[in-house]
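A.B. asks: This structure is in C-alpha cells; I'll ask about it shortly.
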Amino acid sequence: MAVQVAGSINVDLIQSVEALPRPGETVLSFRSARLPGGKGANQAVAAARMGAPTRMIGAVGSDDGGSWMRGMLEEHGVDTQAIAALKDMATGLASIAVDCSGENQIIVNPGANEAVTPDQAAQIRPEAQVLLAQLEIPVDTVRAFFTAPAAQGRIRILNAAPALREAAPLFDHTDILIVNQHELAHYLGLSDAPQSAEDALVARQLIARGDQAVIVTLGALGAVAVWNDRHFHAPALSVTPFDTIGAGDCFCGALAALLDSGESVEAALPLANAAAALCTQKQGAIPAMPSRSEAENALELGTAPAAQLELTPFGLPSDTGGKDLGVFLPIANGGWIMSRSKPEIDGSYDYCRASAVLAEQHGLDFAMAMAKFRGYGGETRHWDEQLDSFLTVAGIAEATSKVKVWGTIHTLLQNPAVAAKMVATLDQISHGRSGLNVVTGSYRGEFDQMGAWPENVGHDQRYDLAQEWIRAIKGLWNEDSVTQHGDYFRLDDCQSWPKPSTRPFLVCAGTSKQGMAFTSAEMDAIFLYGGQHEKLKRESEAAKADAAAVGRSIRTYSMMTVVFGESDAEADEKVQAIREGFDEGALAGMMRAYGFLDSEIGKENDFTRKARSGFMAPHVAGSPETVLAYLTDLFEISGSDGLMLIFDDYMKGIPTFGQKVLPVLRERFPAGEKVPVHG
C-alpha cells in the first residue's frame, strides 16, 4: 500500500504584503521567505505526513534549489529516488504574494518540471495503490502516468489544477477528479463559479464513466463529492486563515493517503478538510502540512487551532519542555572577564578539557567553544592566546561520552565543503553529539591580518553568503553529490563522505533583521544577549515568531557569567575586585576590533559601557541560593529555552552549580518524555 505522486517541484519565494497589488501597482513587502513548494511536492508531503508511504516522480535542476528541495522532501518522509536532477535546467520557481487575510497571487516558472517525461511517469511501483497527479507537468506525461499498464486497477486521482483546456481529455483516465469552484467553472464554461454545495452539483457534467467521482473544494464551505447517483457534502472547519498557500494541495494529498489506508471517499472527506484547515494556520505549503493525528484531533474538536510547531529533537531537555544548560569553554586566555583581579584562566586545552569533563560529571547538556584569531591586548593580553575551536571540541569529544560538543566556524573564512567534513568528523568522534555554531560576521582587523577580509561583502550580504554556505553544507550532509552555483560558492558534483550519523545541532547569534531571517530559516537555536529578563522575553518571543512565520520552531538561548560566593557579600567582593582590576587597554582593543571606537569616532556604545565592569556578558553574583533565584526568574519571565554558562573560575564554579543549582532548576523546569533524536 502506497501513494505515488507525479508532479511539480518548486522553490517558493513568498512576499508578505498588506494588500495584494492591483495591475500596475507596486507594494512593499514586510516579510520575505524561501520555502519548499510545487503542487506535486506539496501533495506528496501531505500524503506522507498523513501516514502513507509516498514516492515522488518529478524533476529538479542541478542547482541549489534542486538539492534543497530533494533534502526537504526526504526530511518529510518522501521517497525521492524517481526525481531526476537535470543539468542545464533550473528548478521550478514560484513567486507568491500573500496579504494579511491569507489570500495570495502566484506566478510560476516551471523550469525542470516541463522536462518530466512520459517514460519517467510510467515507472509505477507495484505497491502503489493510489496515483495522484496535477497539471504543473506536461499533460502528455500525466496521461502516461494514468494509462500505463501498471496503472490499471489503482485509484487514479487528478487534481486538474491549474485549469487547462487541453487537460479535459485526461478526465476519462481518472477515477477521481478534484477541482475547486473556479476550476470547475473553467472546465464547464460557466460565467460564475459555484457559490454553494448545491451549485457544485453541476460537476456531474464532467463524469465520463459510471464509476467516476468529482470532488469540488469550496474553501470555507468545505468540499462536495459528486457521483452520477449521489453526492456527499463535508463542511469545512471554522478557522481564521493565516496563509492559504498549499491548502488545496494538502486536501489532495491527505485524501490520497486516506484512500490508500482503505477509507471510503465519504469517510475521508471530513478528515481531508480538517487537514486543509490546519494547513492554513502556518506560512507556506510544505512546512504547514499536518499529521494524521493532528487532523483527527482538529476534526474531533470541530475547529483547527493554530498549530504548535514542534522542535527537532536532539536529545536535549528542551525537546520536551525542559531547559538546556551548557558551558562556554574558555579557549582564550582571560575567559569572559577583562580584569587583572580574577582567577587565572590560561585558555589552555587542559583547562578546557577539565571544564568539559566537570560539565559532564555535573549533568550539564553541552559544551561550546568559540573561534577567535586575534586578541585585544591590554595589560592582561586578553584573548591574545586562543585555541582552534574544532580541534578543541574534537579532543573534548574523545574525553567525554554524554555532553554535546559544539564548535564554531566563520562562514567568511571556511569553505562549506571543508566545514561539512569537519562537522561529520566530529560526529564520528563524538558518536552523534556534534553541533555547529555559525558565525556570519567578524571584525576587520581579525581577518585583515590573514588577508581574508572580503571587501565586497557588506553586513546584509554576509547573510546571503551564509545562507549559501549552510545550504551547501546541509546538501553535503544529505546528498550523494551537490552542484550549487551561487554568488559566493561554487560546487560542481561535490561529494562529502561520511555523512553525519545524527543531524548536527545548528546555532548562531545573528539578531539583526537579516540575522534573524537567516536563523529562522536555517538554525535550530539562537543566542540572544540575555541582560534584563523582560528584554530577553521580548527578544525570545520575536525570534520564535519570526521562525513560526516560515513554518519552523527554534530554541532561544542566552549567556550568563556566574560568580559564586559562600554568601552574597563574598560574591559582591569578588565582583568589586574584578571592577577595580578592569583592563582599560583590553577594552580599547576590543572596541577598535568591533568598530565601536576609532581615532575619528571616539565613542562607545551601551555594550562597551557595560564592559567597563570587567564582564563581557551579563552576570549574576551571589550565593548558590541567590543565583538559583535569579536564574529561576530569568526562565520564568523570559520563556527562553536554555543558558550557556560562563564562570569566573570554572574549576570551582561548575561543581557548585552542578551540586547546588542545577538539580533544583531541573525540578522546576522538567523535561517530558524523551523522544527519538533526529537522524
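The values are calculated or read from the model by the stated rules, or taken from the named source; none is laboratory data. Remember, predicted model here, so these are calculated numbers, not experimental data. Backbone-built Cβ (ideal geometry, glycine too); neighbour counts: all protein chains shown. Note: areas computed on protein heavy atoms with side chains; ligands, DNA, RNA excluded. Shrake-Rupley method; radii C 1.70, N 1.55, O 1.52, S 1.80 Å.
A.B. asks: Tell me which helices (runs of 4 or more DSSP H) are completely within segment 471-590 and hold 2 or more residues being in contact (Cβ under 8 Å) with a residue 40 or more places away in the chain, among the basic types (Lys, Arg) and open to solvent by 30 Å² or more (accessible area, probe 1.4 Å), or say none if there are none.
C.D. replies: Here the list reads 568-580.
A.B. asks: Would you mind finding the one in Ala354, Ala397 that is buried (at least 23 other Cβ atoms within 10 Å of the Cβ), of a type in the set (A, V, I, L, M, F, W, C) and outside any loop (DSSP other than H, G, I, E, B)?
C.D. replies: Exactly one residue qualifies, and that residue is Ala397.
A.B. asks: Given segment 1-77, what strands (runs of 3 or more DSSP E) lie entirely inside it while holding 3 or more residues that are modelled with pLDDT under 85, buried (at least 17 other Cβ atoms within 10 Å of the Cβ) and touching an Asp or Glu at 6+ places or on another chain (Cβ under 9 Å)?
C.D. replies: 10-17, 29-37
A.B. asks: Let me ask another. For Leu364, which of the numbered conditions (1) farther than 26 Å from Tyr443 by Cα; (2) surrounded by fewer than 18 Cβ atoms within 10 Å (Cβ to Cβ); (3) in contact with a Gly (Cβ under 9 Å, 6 or more places away or on another chain) fails to hold?
C.D. replies: (2)
A.B. asks: Quick one: in segment 155-188, which of the residues that are more than 20 Å from Ala257 (Cβ to Cβ) and acidic (Asp, Glu) is surrounded by the fewest Cβ atoms within 10 Å (Cβ to Cβ)?
C.D. replies: Here the answer is Glu166.
A.B. asks: I need the full set of residues from segment 424-460 which are within 26 Å of Ser512 (Cα to Cα) and open to solvent by 60 Å² or more (accessible area, probe 1.4 Å), in order please.
C.D. replies: Result: Tyr443, Arg444, Asp448, Glu455, Asn456, His459, Asp460.
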